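Have a look at the structure below, then the notes.
The values are calculated or read from the model by the stated rules, or taken from the named source; none is laboratory data. Note that the coordinates shown come from a computational prediction; the quantities given were computed from them, not determined experimentally. Please note: Cβ atoms are built from the backbone with ideal geometry, for glycine as well, and neighbour counts cover all protein chains shown. Just the protein is used for accessible areas: all its heavy atoms, side chains included, with ligands, DNA and RNA removed. Shrake-Rupley method; radii C 1.70, N 1.55, O 1.52, S 1.80 Å.
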Amino acid sequence: MVAETLADPLDPLGPDRRTLLRLATAGSVDDGKSTLIGRLLFDSKQTFIDQMEAIERTSRTRGEDDVNLAYLTDGLRSEREQGITIDVAYRYFSTPRRKFILADTPGHVQYTRNMVTGASTADAALLLVDARRGVLEQTRRHAYLSNLLGIRHFVLCVNKMDLVDWDQSVFEGIAEELTRFAGRMGVTDVRAIPISAKLGDWVVEPSQRMSWYPGPPLLEVLETLEASEPPQHHASRFPVQYVIRPLREAYHDYRGYAGTMASGVLRVGDRVKVMPSGAETIVTGIDAFDQQLAEATPPMAVTVRLADQLDIRRGSMIVAAEHAPIAATAIDAHVCWMSDRSPLRERDRLVVKHTTHTTRALVEEVGARLDVNTLEYDLTASQLSLNEIGRVRLRLMAPLSIDPYDESRETGAFILIDEATSATVGAGMITAGE
């Protein structure tokens, strides 16, 4: 793989030769995910004085003896009052060796959908386990979802070792269990580290209280992990968001197609296909806000001009002619069901949103339901309840331009919407289409 560099001026971290690693926390509620991120930020000198003063005041107000570093990421009032993470909090920090984007995701089973959001773009999962409680069902669910979402690096942090008297055997038992579970999913890269996020042991610096641990601290592990291949190394995919036809007389013959590059590189002169029709044409121009470009890469928002006037609308996709996606009217996918109002059943009708395209769909089959504890599928299942994961086949009213998720996160994922309420009720990762 080729590590991603921050050369794009649109990137919030700015142009830099250091590689970027995207991380997402995973694990059950109260395992200490927010506290760990707070500790990482604090010990790596990534916090401002006013931030620390604010969380010190909040800690005192809430009657806590020590400064609660979890407040660096738990920004919602309801999160601080309940002591749990609800929303996904993104934090940026850097070291001399690398830059990071950290997604602090909720561990509570009710907010599994938010965990899916945070992990969907991550290169590695920080999988936390409370040393007192061990590996729980929600730990396994998050581990499985992380794997399903394309994460291939698991960093297992056995947290709260101070509450089990720094017991080496407790750490080794949890590390062995989780490594064995990950191996059954095909994940071979699991780095296990004993830590105390509250006290800082083995997070940024080594600790004499667990001198039996032979490996590097967490931060050093994160600095050396291999980043995923950046999306510009995939086939060109440009979902059209809007057709631009200026009303002013001076631009009467201008026709452009606005959107955000999802993957690949699009250059002036490239031969492309317009999906789902498959019509071919040539890229004649790429316009940004105030300039014309020779090429566009993710995540640039641009307007593309083509040599021919074709039937192109929102939801169309401009793609590399030699590497076109499938124009599918039926898709097979792994679906995580997120609605607590009703289960997903066969013959249900839903709305599928894939990139910029939205279409209605019929649930033709719920083929299997996963048991996250055993990793076995119940082939007799006919529905999915809240937070359950299963294999689903959808029949689409209009074709979608799709790639398998393991080839492209950008065009291999979709969300399911309840047409009556407009609520997001499911997330899917495409395995095949026809």
Residue pairs meeting the criteria (Cβ under 9 Å; at least 6 apart or on separate chains; first of a type in the set (S, T, N, Q), in the range 112-133; second in a helix (DSSP H, G or I)): T112/Q138; T112/R141; T112/H142; T112/L145
First in the range 208-235 and within 20 Å of L40 (Cα to Cα) and of a type in the set (S, T, Y), second anywhere and open to solvent by less than 10 Å² (accessible area, probe 1.4 Å) and modelled with pLDDT of 85 or more, Cβ under 7 Å, 6 or more apart: Y213/P194
Filter pass, E226 being open to solvent by 30 Å² or more (accessible area, probe 1.4 Å) and not in a loop (DSSP other than H, G, I, E, B): no
Filter result for the condition that a residue is open to solvent by less than 70 Å² (accessible area, probe 1.4 Å) and free of Cβ contacts under 8 Å to residues at least 12 places away in the same chain, over D371, D290: D371
Unmet criterion (only one of (1) open to solvent by less than 10 Å² (accessible area, probe 1.4 Å); (2) modelled with pLDDT under 95) for N159: (2)
Single unsatisfied condition, Y144 versus (1) among the aromatic types (F, W, Y); (2) open to solvent by 10 Å² or more (accessible area, probe 1.4 Å); (3) touching a helix residue (DSSP H, G or I) at 6+ places or on another chain (Cβ under 6 Å): (3)
Odd one out for P239 among (1) more than 22 Å from G150 (Cβ to Cβ); (2) open to solvent by less than 30 Å² (accessible area, probe 1.4 Å): (1)
Qualifying residue in the range 191-199 (condition: modelled with pLDDT of 95 or more and either of a type in the set (F, W, Y) or surrounded by fewer than 15 Cβ atoms within 10 Å (Cβ to Cβ) (or both)): no
Cross-chain or 6+ apart pairs with Cβ under 8 Å, the range 145-174 first and closer than 30 Å to A333 by Cα and aliphatic (A, V, I, L, M), then modelled with pLDDT of 95 or more and open to solvent by 40 Å² or more (accessible area, probe 1.4 Å): V155/R191; L156/T179; L156/R191
Checklist (1) surrounded by fewer than 16 Cβ atoms within 10 Å (Cβ to Cβ); (2) at pLDDT below 95; (3) under 23 Å from H233 (Cβ atoms) applied to P298, failing item: (1)
Residues being part of a loop (DSSP other than H, G, I, E, B) and modelled with pLDDT of 95 or more - total across the range 229-255: 1
